[in-house]
Structure formats: C-alpha cells, structure tokens
1. Among DSSP beta bridges whose residues both lie in the chain, state the antiparallel percentage, nearest 5.
2. Taking the Cα centre of segment 5-194 as origin, work out the dipole magnitude from +1 charges on Lys and Arg Cβ and -1 charges on Asp and Glu Cβ, in debye rounded to 20.
3. Could you state the number of Å between the C-alpha centres of segment 131-196 and segment 21-40?
4. What fraction of the Cα pairs in segment 9-157, stated in percent, has a spacing above 27 angstrom?
5. Mean residue ellipticity at 222 nm from the helices of the chain, using -39,500 (n - 2.57) per DSSP H segment of n ≥ 4 over the full residue count, to the nearest 500 deg cm²/dmol?
6. Where Lys and Arg each count +1 and Asp and Glu each count -1, what net charge lies around L7 among other residues with Cβ under 13 Å from its Cβ?
7. With each pseudo-label sitting 7 Å past Cα toward Cβ, what's the R141-K114 distance in nm, one decimal?
8. Sorted from fewest to most neighbouring beta carbons within 10 Å, what does the list L176, L75, L99, L188 look like?
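What follows draws every value from the coordinates through simple rules; no lab data is involved. These figures come from a predicted structure and were not determined experimentally. Cβ: placed from backbone, ideal geometry, glycine included. Neighbour counts: every protein chain shown.
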Amino acid sequence: MNAQRILLIQGHPDGAARHLCHELAEAYAAGAAEGGHALRRLDISTLEFPLLRSVQDWEHGEVPEPLRPAQQDILWCSHLVLVFPLWLGDMPALLKGFLEQVARPGFAFHRGAKNPMQAKALDGRSARVIVTMGMPALIYRYVFHAHSVKSLERNILGFVGFAPVRETLVGGVDQLGEAGVLGWRDKLRVLGRDGV
C-alpha cells in the first residue's frame, strides 16, 4: 500500500470528555504513524461556525473563516476518515452542519454541471466512516439497513467523488468492557497502519 495523506475528522461534538470515538481515532492515528502515512487531524468540537439556513447562502454565501482550513485539508487528503457516534439514528447535528458548510458548490462539486453524476470535484480520494452506537451493529445494519451511514456514503461522500467508502460500525458500546474496547482499538490501529 502506498503512503496515504490521511485527514482524520473527529466528529464527536463533545470535546470536553473522552469518549470511545476519541479512543478509536487515537488508535487509527497511531496505526497511520506506524504505516508511514501523513496525517492531519480535525476535531469538530473545537470549531465555531453558523448553521446554514437557506439555499441562497449554501449556493452563494462565503464559507465561514474557521472552516477554510478544513476545506484545504480535504483537498490535501487522499483518504478521509470520519469518526462519530450515532445519535437519534444519525450523525450529530454539529457534524452535519460542518459537512453542509464545507461541501458547497464550487468546492465539493462543480457548479453548473449538466450531469450531476459528473460534477464530482473531490474524486480520487477514498474514505472510511467509523460509527459508534448503543445498539448492536448487526441490528443497525440488517434491521435499520444502516440508513444514515448509507445516506452519508452515497449522498454526501459518494456524490462529491469519494470512492471507495468503507465503514466500521462499532455497536453495543455500553457492553464492550475493557477487553472489547481494546479489541476495537487493535482493529482500528491495523486499519490506520494499512491506510484504509
């Protein structure tokens, strides 16, 4: 595997406490360092930005100043890793607000493309989505069809060109115990080392 330029986005909105998302991101980062990959990190909880409230603003407004470096990091990366907890069946609102702000026309996809499937401005990059949740991952995947993760993969990441998009679903987090957490840390470290 060639060395990757990895952007690791911590999507947990609570930066004041340490959560499983933080442990998994640390493990992935440690593996990436072992694998010789270049790594940049972005913690959503540290960013202050307004939510979008109109199509006009999304299409023609300016990206908030605190998010411009995030766009540069996205352009820099060859592999994006997004870590977040499942809240009410979806990504936390702060992460969704971040993605809405940075994935604007002219940056994430080309303006005025006649075929939306050919408008992808961020192609040539891969991604991994790492999601923690209270329910068992098999229930989320097979009963709920992993609907929100599939939507993120297809309607946001895939739409702007990320491919392939792989997922890691960590379920039953309240029942993992120390051994379970260590097991997941080991798995994420290997993924980081391999740059996938």
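1. Values: 2 of 27 bridges.
Counting only bridges with both partners in the chain, antiparallel ones make up about 5 percent.
2. Working: 21 positive and 20 negative charges, 127 e Å.
Roughly 620 debye for segment 5-194.
3. Centre-to-centre (Cα) distance: 16 Å.
4. On the way: 2714 of 11026 pairs.
Summing the P(r) of segment 9-157 above 27 Å gives 25 percent of all pairs.
5. Numbers: 7 runs with 69 residues, N = 196.
So the helix-based figure for the chain works out to -10500 deg cm²/dmol.
6. Neighbourhood net charge equals +3.
7. So the two model labels end up 4.2 nm from each other.
8. Details: L176 16, L75 12, L99 19, L188 26.
Going from sparsest to densest Cβ surroundings: L75, L176, L99, L188.
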